[in-house]
Amino acid sequence: MYLLLAAHPHGAALQELTQAGHPVPATPEPRLISSGELAAVVRDLENRRPNGQRPRWIWHRTQDWYPALLAAGVELERCYDLSLCGNILAVSTFTAHTDYARNAERVVVEDPLLPPRTLQPPPPPADQGALFDAPGSRQEILRSPEELRAEYAAQQVALASVSPEENRRSRLQLLLAAESAAAMIAAEMQHAGVPWREDLHGQILADHLGPRPPIGHRPAKLEALNQELRELLNSPTLNPDSPQDLMRALHRNGIEVKTTRKWELRESTHPAIGPLLAYKQLSRLHAANGWAWLDAWVHGGRFRPEYVVGGVVSGRWASRGGGALQIPRQIRGAVHADPGHKLIVADASQLEPRVLVALARDPSMAEAARNQDLYAGIAAKGFGGDRAKAKMALLGAMYGATSGEAGRLMPQLAKTFPRAVDFVEQAARAGEAGGTVTTRLGRSSPPPSERWFQSQRSASAEEQRRAESIARSRGRFTRNFVVQGSAADWAACWLAELRRRLRTLRSDGHINAELVFFLHDEVMVHAPAEAVDACIAAIEEAASAAKELLFGPIPVEFPVSVAVVDSYDNAK
DNA sequence: TCAATACTCTCG
DNA sequence: TTGACGAGAGTATTGA
């Protein structure tokens, strides 16, 4: 059953569709539902299961509907996110020949109502009445059921016209399903929140910074370091937070650095460097994850960031506010399981190089990848057992290193693993020439920027060099895109498969295990202690399933390393 | 005065 | 300016 949900001035318009996007004959007209009854109606339809299957909810954007439904206690199994899927279909090389892609500018609409990216916590969960027309809330851009239905039908037509060769059509279909599932998971994770002990966080801050200072003042330990620096650098008015001011003071004292970055400061042996590095570290802690952050982002023992699915062109998630994707190791001790619960932290080991092996079908590298430690396997085959060299060479190949040690190691890598190296080289050359590249499941890189086209028209020798530099830069982007993006394909499937298994555990075993965090190649599940084994099994099965879905039966492993901990800082 | 940019840190 | 890939975010500084 395919159920279309569209916004309506008085609530929602609901219509049952066929898979192709036509109204089902028995219910040709959309049914109007008031805001107040929406959650109950959706819950009822979700649980009806006429053929043993739950419906697939079709809507413009998951983020406009699902958070309020979750707040009302309604969880859904599957959806189709027209906005996210439309973005993929509009630029995928798999659908480049379709009318849908040609008309893409018309249907893919940028959101004009994105909130500014400042430190503002999300609004409290919307109540039923505020679902559609709260002032300032996001409005649907494609409003009427007819428009949404036409959009869905157009997307299905585009998908159906993809060549079945090399399973392209089913791969793209898988990507659309995974992307839609990801949108639901993002909403569910925000709803659940990361278990966050405010008392432990406060203790970390007190240990490092001293007691909480009045607003606008430096914490005691930071102020003490500041005074020490002023004396050591003979600069009574120094503000160490000002790079310019700091640079002048360093130069006056014979510390000849070009920047004030910590890796460059570390080169100096001046007695002020120690306190300065300490200041920088504590200042960062205070500014990024201090008391203000705690007040703004943690409530009721949960950190609830907003995830932005499809926020990165490669398919990775982004986040908005709270720095959810940059939780420093320093404060991970505050992430702590509830009593009787555990945090199960799993990450896909060396995901990107393994994805490269699978993409390139490099038999020699696949053999090396059977090793639990991929870099050790590569080292044994091509680098005389030197793991550090092997790692640097492989990362250099994926990022496009041309100079330094990584650049020098490239010929050695290419000699032993020609197919893998050739794969990323081809992606780089396509990008340099202005072409697009595509991930395993069919997400394509955006076309070159206006700057790229401008640079290609350059005439003088200097402009030529500049043009080549811009082209190489784009080559490094597309080179990395195929690997990073295909890794994101894998991670989305992993996540979706894991969600499915955790839902089964919940309905069959009454085990309330929740996905609470996701970061590119790492997931965190918060679960009752007695459910840990079942969750680990689910995580590992989901990883195998994801590999099978992307690549079929190939001899490359995607091992996950799992840690069962009370506190996140014990995970790695 | 205030928005945009630069710098530096954090994460994968 | 040839800087290894992708991000978010806070503070200082610049510039209209």
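Some points to look at:
- Residue-normalised accessible area of chain A, given per residue in Å² at a 1.4 Å probe: 46
- Three-way shape label, the range A:2-48, alpha-carbon gyration tensor, a/c 1.5: oblate
- Under the Karplus curve 6.51 cos²θ - 1.76 cosθ + 1.60, θ = phi - 60°, whole-Hz ³J(HN,Hα) for the range A:415-426, x wherever Gly or Pro sits: 5, 7, 10, x, 5, 5, 5, 4, 4, 6, 5, 5
- Gap separating the Cα centres of the range A:143-160 and the range A:418-484, nearest whole Å: 33
- In order along the range A:484-500, phi translates into HN-Hα couplings of 4, x, 5, 5, 5, 4, 4, 5, 5, 5, 4, 5, 5, 5, 5, 4, 4 Hz, rounded to whole numbers, per the Karplus curve 6.51 cos²θ - 1.76 cosθ + 1.60 with θ = phi - 60° and x for Gly and Pro.
- Extension gain from A:GLN203 to A:LYS262, taking 0.36 nm per residue of separation minus the Cα-Cα distance: 18.6 nm
- Net charge dipole size for the range A:272-403 [Lys, Arg +1 and Asp, Glu -1 on Cβ; Debye, nearest 20]: 100
- Highest mean packing comes first when the peptides A:427-434, A:232-239, A:6-13 are listed by Cβ atoms within 10 Å, giving A:427-434, A:6-13, A:232-239.
- The string of couplings for the range A:270-279 from the Karplus curve (6.51, -1.76, 1.60, θ = phi - 60°) is 4, x, 7, 5, x, x, 5, 5, 5, 4 Hz, one whole number per residue in order, with x for Gly and Pro.
- Each listed q (0.19, 0.20, 0.23 Å⁻¹) maps to a log10 I(q)/I(0) for the range A:149-267 from the Debye sum over equal C-alpha point scatterers, namely -1.11, -1.15, -1.22.
- At full extension, A:LEU277 and A:GLU540 could sit 90.6 nm farther apart than now, given 0.36 nm per residue minus the alpha carbon distance.
- The range A:284-349 shape via C-alpha gyration tensor axes, a/c threshold 1.5: oblate
- Model label points for A:ARG31 and A:ASP566, set 7 angstrom from Cα along the Cα-to-Cβ axis, are 5.1 nm apart.
- Residues with amide H under 5 Å from that of A:VAL308, placed H, sequence gap 5 or more: A:ALA318, A:SER319, A:ARG320
- Length-normalised contact order for chain A - Cα pairs under 8 Å, 6+ apart - percent: 15
- Using a probe radius of 1.4 angstrom, the carbon and sulfur fraction of the accessible surface of the range A:1-79 is 49%.
- If you take all other residues with their beta carbon under 15 Å from the beta carbon of A:SER544, and give Lys and Arg +1 and Asp and Glu -1, the sum is 0.
- Mean separation of Cα contacts under 8 Å (6+ apart) over length of the range A:256-358, as relative contact order %: 11
- Computed over the range A:354-441, the Cα gyration tensor eigenvalues convert (square root of 5λ each) into semi-axes of 22, 16, 9 Å, ordered from largest to smallest.
- Close amide H contacts of A:HIS299 (hydrogens built in the peptide plane, cut-off under 5 Å, sequence separation of 5 or more or a different chain): A:ARG304.
- Evaluated over the range A:336-494, the count of Lys pairs having alpha-carbon atoms less than 20 Å apart is 5 (only pairs 8 or more residues apart or interchain).
- For the range A:267-338 and the range A:1-26, distance of Cα centres in Å: 42
- Label-point separation, A:ALA380 to A:ARG506 (7 Å along Cα→Cβ), nm: 4.2
- Distance (nanometres) between label positions extended 7 Å along Cα→Cβ at A:ALA461 and A:SER161: 5.0
- Extension reserve of the A:ARG329-A:ILE215 stretch, reckoned as 0.36 nm per residue once the Cα distance is removed: 38.5 nm
- In a simple Cβ point-charge model (Lys, Arg +1; Asp, Glu -1; nothing else charged), chain A has a dipole of about 1400 debye relative to its Cα centre.
The values are calculated or read from the model by the stated rules, or taken from the named source; none is laboratory data. Source: prediction; values computed, not measured. Here the Cβ is made from the backbone with ideal geometry for all residues, glycine too, and neighbour counts use every protein chain on show. When the accessible area is computed, the model is the full protein with side chains, heavy atoms only, and any ligands, DNA or RNA have been set aside. Shrake-Rupley method; radii C 1.70, N 1.55, O 1.52, S 1.80 Å.
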